[in-house]
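The values are calculated or read from the model by the stated rules, or taken from the named source; none is laboratory data. Model, not experiment: these values are computed from the prediction. For neighbour counting, all protein chains shown are included, and Cβ atoms are generated from backbone atoms with ideal geometry for every residue, glycine included.
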Amino acid sequence: MADSRDVLALRGRVAWITGAGRGIGAATARLFARAGASLALLDRDGPAVQALSAEIVEGGGDAVAFPADVTDDAAVRQVAADVVARWGRIDVLVNNAGIVRDARLEKATDEEWASTLDVNARGTMVCARAAVPYMLAAGRGRILSATSVAARAGNFGQTAYSASKGAIIAMTHTWARELGPKGITANAVAPGFIDTDMARGVPPQALEKILARTAARRLGTPDEVAAVYLFLASDLASFMNGAVVGVDGGALL
């Protein structure tokens, strides 16, 4: 019987991860590097993503930093072209980049709505649109996108964020139908409250109430979300398409 580490290995695969500078994106990059993938790491925080790339290379991995913003279509298309020029392919796209601009409905501004939808929804589309031509040429690929428990259950003060993450579920389902017959799968991961900078910005009393409604009674870790991305990127998930995988500690029970 094959060792599970061999089954999950991504040796010879090229993974493009957005929002890779910190949190879940950085954890996913480190795990994919240990699984043998070559990594294109995109983040608008240049120093952070360059430091992560250097860390991975120093550890014997293969990674290149691409400081860029997912909302900049020209820059994203150039990153995709540079990835293929370096490695010859894009096997996996992890659409992890995202922002949150919390506000109750009566206080929400047009700017907060526009910026949240621009990064979370349009940015996901922009990166997928740039990667897909190369996946189509290869006849295979994996598009993995970050949605949220907020898209499935709503969350107080997160009209724009919930809407943007709901859009990612809808896009994932559409891409699964469009691209599945061509060897490309599209799946989404829906984290609950994870121990990242975003969760640390939640007021303590509000966080206590959230955790009280979560069966696990704790925050998740970035590594726990990264593990699901690794599974979906691996050959074990070859028949998963259009799925939304919750990593939320039982928040929806």
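Annotations for the structure displayed:
- Subset tally (residues that are touching a strand residue (DSSP E or B) at 6+ places or on another chain (Cβ under 9 Å), under 23 Å from Val14 (Cα atoms) and β-branched (Val, Ile, Thr)) for the range 87-132: 5
- Exclusive hit being in a loop (DSSP other than H, G, I, E, B) and either within 17 Å of the chain's Cα centre (by Cα) or at pLDDT 95 or above (or both), set Val49, Val70: Val70
- Cβ separations smaller than 8 Å between residues 6+ apart or across chains give the following pairs from the range 202-215 residues that are within 12 Å of Gly250 (Cβ to Cβ) to residues that are surrounded by fewer than 12 Cβ atoms within 10 Å (Cβ to Cβ) and modelled with pLDDT of 80 or more: Leu211/Arg217; Leu211/Arg218; Ala215/Leu253.
- Checking each residue in the range 52-67 for being among the small types (Gly, Ala, Ser), assigned to a helix (DSSP H, G or I) and touching a residue at least 12 places away in the same chain (Cβ under 8 Å) picks out only Ser53.
- Within the span defined as the range 77-95, every residue fails to be in a strand (DSSP E or B), crowded, with 23+ Cβ neighbours inside 10 Å, more than 14 Å from the chain's Cα centre (by Cα) and of a type in the set (A, V, I, L, M).
- Breaking point among (1) modelled with pLDDT of 95 or more; (2) buried (at least 17 other Cβ atoms within 10 Å of the Cβ); (3) touching a strand residue (DSSP E or B) at 6+ places or on another chain (Cβ under 9 Å), for Phe193: (1)
- Counting residues in the range 25-33 that are assigned to a loop (DSSP other than H, G, I, E, B) and either surrounded by fewer than 23 Cβ atoms within 10 Å (Cβ to Cβ) or out of contact with any helix residue (DSSP H, G or I) (no Cβ under 8 Å at 6 or more places or on another chain) (or both) gives zero.
The rows are residues; the columns are (1) charged (D, E, K, R); (2) farther than 20 Å from Ile99 by Cβ; (3) free of Cβ contacts under 8 Å to residues at least 60 places away in the same chain.
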{"position": "Thr116", "(1), (2), (3)": "no, no, yes"}
{"position": "Arg122", "(1), (2), (3)": "yes, no, yes"}
{"position": "Val126", "(1), (2), (3)": "no, no, yes"}
{"position": "Val132", "(1), (2), (3)": "no, yes, yes"}
{"position": "Ala146", "(1), (2), (3)": "no, no, no"}
{"position": "Ala150", "(1), (2), (3)": "no, no, yes"}
{"position": "Gln158", "(1), (2), (3)": "no, no, yes"}
{"position": "Ala170", "(1), (2), (3)": "no, no, yes"}
{"position": "His173", "(1), (2), (3)": "no, yes, no"}
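- Every residue from the range 179-197 that is assigned to a helix (DSSP H, G or I) and either among the hydrophobic types (A, V, I, L, M, F, W, C) or free of Cβ contacts under 8 Å to residues at least 60 places away in the same chain (or both): Leu179, Pro181, Lys182
- Leading residue by the ranking (nearest to the chain's Cα centre (by Cα)) among those in the range 99-115 that are more than 17 Å from Ser148 (Cβ to Cβ) and among the acidic types (Asp, Glu): Glu111
- Among residues of the range 138-167, those that are part of a loop (DSSP other than H, G, I, E, B) and either at pLDDT below 95 or more than 22 Å from Val228 (Cβ to Cβ) (or both), counted: 5
- The set of residues in the range 198-227 that are in a loop (DSSP other than H, G, I, E, B) and more than 16 Å from the chain's Cα centre (by Cα) comprises Gly201, Val202, Pro203, Arg213, Thr214, Ala215, Ala216, Arg217, Arg218, Leu219.
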